[in-house]
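Report on one structure; see the data block that follows.
Readers should treat all values here as calculations from the given coordinates under stated rules, not as data from a laboratory. As the structure is a prediction and not an experimental result, all values here were calculated from the model. Heads up, the Cβs are rebuilt from the backbone with ideal geometry, glycines too, and the neighbour counts pull from every protein chain shown.
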Amino acid sequence: MTLLAGALALASCANQATSDREMDRFIDDLMSRMTVEEKIGQLNLSGGDVPGVLSGAQGIDDLIRMGYLTATGWAGIDELTRLQKIAVEESRLGIPMLCGVDVIHGFYTVFPIPLALSCTWDPEFVEKTARVAAEEASANGISWTYSPMVDIARDARWGRIAEGSGEDPYLGSLFSAAMVRGYQGQDLSAENTIMACVKHFALYGASEAGRDYNTVDMSKLNMYNYYLEPYKSAFQAGAGSGMSSFNLVEGVPASGSHWLLTELLRDEWGFDGFVVSDYDAIGEMTAHGLGDTKTVSAQALKAGLDMDMMTLGYLKTLKESLDEGRVSEKDIDTACRRILEAKYKLGLFEDPYRYLNKERAEANTLTEEGLALAREAAAKSVVLLKNDSNILPFTKQGTIAVVGPLAGNTQDLLGMWSGSCDQKSATVVNAVREALGDNGKVLYAQGCNFSNSEMLARTSTSVCDPAQNSRLVREAVAVASRADKVIAVLGEPRSWSGEACSKADITLPEAQKELISALLATGKPVAFVICSGRPLVLEWEDARCPTLLEAWHGGSEAARGLVDVLFGDVNPSGRLTTTFPLRGGQIPIYYNYLNTGRPQNPDDHFTSKYLDCPNEPLYPFGYGLSYTNFEYSGLTLDRSSAKGDNGVIKASVTVTNTGSRSGEETVQMYIGDPAASISRPVRELRGFSKVTLAPGESATVSFDITTEQLSFYNSSLKKVWEPGLFNLYIGKNSSETLNTTFEWEE
Ligand code: BGC
């Protein structure tokens with residue numbers, strides 16, 4: 001560090017200390033004037049009438065006037081302004097409210113669902129999408145987003161797999177930190193930044209059998225090595241808040257777990273923001289079997305849960321618990337202070353209306369730049385799963401039939417958590433028309449319904465009528481037979497993924513398979529596009545369809561981004577961040593599994609396998625094709641062994657574009673530790689690098705291996721590396737790699 005840099009760093013520390021002192025003074029003074037009830041009011045995130053608590057209180061206005069509501073949800077900028085005015089001008093102490101909303105993958109400008117965005121393998125890009133979301137949300141009155149959702153998920157039946165970044169802790173950690181940076185920027189008090197909320201803390205993605213809200217039971221070793229890292233990384237990136245999850249953590253609901261919310265989060269990780277419960281998660285502790293509302297509310301507060309979302313347990317019972325000595329005033333003060341600090345850091349005491357500015361809202365909503373980024377994001381998220389005989393990309397000419405239940409539909413392509421958004425997105429049919437212009441003709445047919453199952457049809461806009469389905473299929477075939485080529489857009493409506501949307505069967509419904517079979521029988525070239533909120537089981541489709549693209553739910557510009565890929569304006573570069581099972585019975589299936597004592601061996605019956613299905617997935621983690629080909633050669637190490645904490649081994653590989661188009665490849669490095677003090681995964685992603693290569697071009701891609709990449713939590717939950725032999729794998733996905741070994745000495 002130069003002298004100047006040192007002086008600047010010192011000055012910035014000193015500035016930070018001064019502003020922390022100013023904040024402390026401000027909050028000390030404010031709290032010295034607050035009644036216990038007002039302090040408890042700061043811990044309450046639930047509006048409406050509160051019978052029995054507020055004598056004479058009627059609805060949200062009175063609640064705010066009395067200082068008993070700490071935050072609102074989305075209500076439109078005029079209503080939010082009115083409510084904030086009541087808080088600031090009519091409550092005794094004028095404490096401003098937060099406005100918390102689920103800005104999960106954009107607000108008005110909707111980006112692809114987080115699972116899709118993670119397939120970019122590009123945290124900096126994802127940070128940009130979060131930045132746009134923050135610009136737009138902050139201009140529309142929102143100061144706080146319930147995002148990022150960083151739950152590791154290994155079970156595609158779970159509907160909320162759509163909301164996270166997949167199954168890998170290393171990638172998940174990069175994305176979680178990137179999103180926090182995108183929302184919060186450099187300065188939380190700037191008017192165009194919003195506070196992040198890391199959720200769902202913790203382990204929510206491990207719900208048994210993929211059924212939402214279900215029990216979680218997990219060893220600490222499993223938590224530390226695979227599940228906790230993305231939360232930790234988001235908190236350490238400076239997230240201002242966290243949200244406790246619905247599930248149990250070692251038998252205790254997360255919202256009442258002192259170990260989780262205090263010992264781990266604050267004492268071990270140093271988090272100093274506040275924690276809000278998930279929606280009524282305190283109240284749900286009663287159904288979990290922990291006692292009545294008063295008991296669980298006291299337990300949650302003492303565990304370190306600062307804000308009660310929707311139970312009203314804090315507002316209704318904490319004063320009584322205080323009088324009975326179940327909680328102390330210090331417990332209440334601590335939670336209240338953390339929330340006031342967040343409001344202070346957001347600049348709300350300085351200007352409570354800083355996020356409520358109609359002109360800024362107009363200028364920052366659905367901007368051209370934001371939509372352009374959304375289009376780029378949609379294209380970058382597409383994963384090309386299959387492209388026999390280079391059927392794709394299509395040329396922009398001739399007659400193209402666009403069919404399928406998602407071909408003429410915009411709402412479903414937005415994905416979950418986009419309900420309140422008034423969108424003017426293109427359908428795939430219209431996007432194809434735009435792309436073709438006068439060079440060709442576009443025909444459309446719905447093709448089929450989402451499903452012939454009554455139970456499923458009830459959850460989507462499409463009807464359940466097998467006879468009508470067959471009629472739709474016949475119409476689509478008639479349209480396809482007049483076309484030179486076909487684009488079929490199939491998959492899930494948005495209502496099949498997200499919260500409370502677990503599915504026991506994640507194959508494409510028969511109604512859609514009927515369309516696929518009929519289209520294949522026409523003999524026309526067909527681009528089969530799957531838009532879904534989860535990895536589906538595509539064994540049947542893979543065996544029949546010469547092309548398959550996973551386009552997820554791609555947001556506002558889903559259709560245009562997809563069409564950019566279909567016509568080759570963008571060469572697909574997405575890579576899977578979740579394993580695609582071959583069959584549902586393999587779930588949970590993930591690439592970083594532990595070996596059994598009897599690894600599968602076709603010559604030995606008594607090994608770990610299924611009688612009726614291979615162990616391998618259909619598409620492995622990290623998989624994705626391009627319109628060009630990449631070949632790997634010459635995996636070399638600059639030395640075959642290293643020593644001690646500071647050793648480094650450089651691994652290099654040559655990647656060559658052997659196809660005829662320029663393209664981007666994601667070079668992936670995995671390490672396996674076959675002999676350690678605990679069983680370690682067969683391989684773990686420890687690095688990746690992107691290269692763009694012109695046809696015929698080669699590049700050498702290198703990775704520095706240090707003890708960081710060898711480290712894991714041992715039985716004492718201590719992060720260690722252990723000397724020995726390691727396996728190194730570098731390649732295009734988690735199962736197609738070049739392999740070598742190296743040694744690390746003590
Ligand atoms: C969800 C959270 C969400 C909250 C507030 C809950 O039901 O689990 O992810 O942030 O509602 O909308």
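Please identify the trypsin sites (Lys or Arg not before Pro) of region 604-661 that satisfy two criteria: DSSP loop assignment and at most 13 other Cβ atoms within 10 Å. Which are they?
Here the trypsin sites (Lys or Arg not before Pro) that fit, given the DSSP loop and packing criteria, are R639.
Kirkwood Rh over Cα pairs of region 659-746 into Stokes-Einstein at 20 °C, 1.002 mPa s: D in µm²/s?
Estimated diffusion coefficient is 148 µm²/s.
Where a ≥ b ≥ c are the square roots of the eigenvalues of the C-alpha gyration tensor, would you call region 103-151 rounded, which needs a/c under 1.5, or, failing that, prolate if a/b is larger than b/c, or oblate? It would help to have the intermediate numbers written out before the result.
Numbers: a/c = 2.10, a/b = 1.70, b/c = 1.23.
Prolate shape, in that a/c is at least 1.5 and a/b is the bigger ratio.
Bin width 10 Å, alpha-carbon pairs only: give the P(r) of region 427-539 as whole percents, running from 0 to the bin holding the largest distance.
Over region 427-539, the share of Cα pairs per 10 Å bin runs 13, 43, 33, 10, 1 percent.
Divide the volume of the convex hull of the Cα atoms of region 323-470 by its number of residues and quote the answer in cubic angstrom per residue.
Measuring per residue, one finds 260 Å³ for the Cα hull of region 323-470.
For region 72-228, just list the percent of Cα-Cα distances falling in each 5 Å bin from zero outward, please.
Reading the bins upward from 0: 2, 10, 17, 19, 17, 13, 10, 7, 4, 2, 0.
Using the Cα centre as the reference, give the magnitude of the dipole from point charges on the C-beta atoms of the chain (Lys, Arg: +1; Asp, Glu: -1; all else neutral), rounded to the nearest 20 debye.
1200 debye
Can you give the charge dipole size of region 430-564 about its Cα centre, rounded to the nearest 20 debye, using +1 on the beta carbon of Lys and Arg and -1 on the beta carbon of Asp and Glu?
The dipole magnitude comes to about 340 debye.
For region 504-511, just list the computed ³J(HN,Hα) in residue order, Karplus coefficients 6.51, -1.76 and 1.60, θ = phi - 60°, integers in Hz, with x standing in for Gly and Pro.
7, 10, 10, 8, 6, x, 3, 3
Sequence-distant or interchain residues sharing an amide H contact under 5 Å with L392, placed H: which?
none
Please say if region 271-331 is rounded, prolate or oblate, where rounded means a/c under 1.5 for a ≥ b ≥ c the square roots of the C-alpha gyration tensor eigenvalues, and otherwise the choice is prolate for a/b larger than b/c and oblate otherwise?
Verdict is oblate for region 271-331.
Run the numbers for N595 and E708: contour at 0.36 nm per residue of separation, minus the present Cα-Cα distance, in nm.
Once the chain is fully extended between N595 and E708, it gains 38.4 nm.
In region 394-471, which trypsin sites (Lys or Arg not before Pro) are in a loop and have at most 15 other Cβ atoms within 10 Å, using DSSP for the loop call? Don't jump to the answer; show the numbers that get you there.
Working: sites: K396, K424, R433, K441, R458, R471; in loops: K396, K424, R458.
Filter output for region 394-471: K424, R458.
State, as an integer percentage, the relative contact order of the chain based on alpha-carbon contacts under 8 Å between residues 6 or more apart.
Relative CO of the chain lands at 13 percent.
State the answer as a single residue: which of Y713, I671, S702 lies farthest towards the positive end of the charge dipole of region 663-722, with beta carbon charges of +1 for Lys and Arg and -1 for Asp and Glu, about the Cα centre.
The residue sitting farthest along the positive end of the dipole is Y713.
With r as the distance between the Cβ atoms of V36 and I391 and R0 = 60 Å, compute the FRET efficiency 1/(1 + (r/R0)^6) and round to 0.05.
Computed FRET efficiency for I391 and V36 comes out at 0.30.
Grab the other residues whose beta carbon is less than 14 angstrom from that of A401, score K and R as +1, D and E as -1, and report the net.
Combined, the nearby Lys, Arg, Asp and Glu give +4.
With equal scatterers on the alpha carbons only and no solvent term, can you work out the Debye log10 of I(q)/I(0) for the chain at 0.07 1/Å?
Log10 I(q)/I(0), no solvent term: -0.53.
Report, in whole Å, the centroid distance computed from the Cα atoms of region 173-244 and region 624-655.
If you average the Cα positions of each part, the centres end up 31 Å apart.
Could you list which residues have their amide H under 5 Å from that of T72, counting only those 5 or more apart in sequence or on another chain, with H placed in the peptide plane?
When sequence neighbours closer than 5 places are left aside, the close amide H contacts are L98, C99, G100.
Just to confirm the filter: which trypsin sites (Lys or Arg not before Pro) across region 473-511 are DSSP coil and have at most 14 other Cβ within 10 angstrom of their Cβ?
On the way: sites: R474, R482, K485, R494, K503; in loops: R482, K503.
When the trypsin sites (Lys or Arg not before Pro) of region 473-511 are filtered for loop state and at most 14 Cβ neighbours within 10 Å, R482 remain.
Given the C-alpha centroids of region 547-561 and region 102-168, what is the distance between them in whole angstrom?
Cα centroid to Cα centroid, the span is 16 Å.
Check which residues have an amide H placed less than 5 Å from A642's amide H, if you skip close sequence neighbours.
The answer is E743, W744, E745.
Using the charge dipole of the chain (Lys, Arg: +1 at Cβ; Asp, Glu: -1 at Cβ; taken about the Cα centre), state which of L221, G273, G437 has its Cα farthest towards the positive end.
G437
Cα centroids of region 669-697 and region 269-306: how far apart, whole angstrom?
40 Å
Taking just the alpha carbons, could you work out the radius of gyration and Dmax for region 262-408, both in angstroms?
For region 262-408, the Cα radius of gyration and maximum Cα-Cα distance read 25.5, 79 Å.
Can you return the lysines within cross-link range of K294? Criterion is Cα-Cα under 29 Å, with same-chain partners fewer than 8 residues away left out.
K39, K199, K302, K316, K319, K330, K343
Would you work out the charge dipole size for region 546-602 about its Cα centre, treating the Cβ of every Lys and Arg as +1 and the Cβ of every Asp and Glu as -1, and quote it to the nearest 20 debye?
The calculated dipole for region 546-602 is roughly 380 debye.
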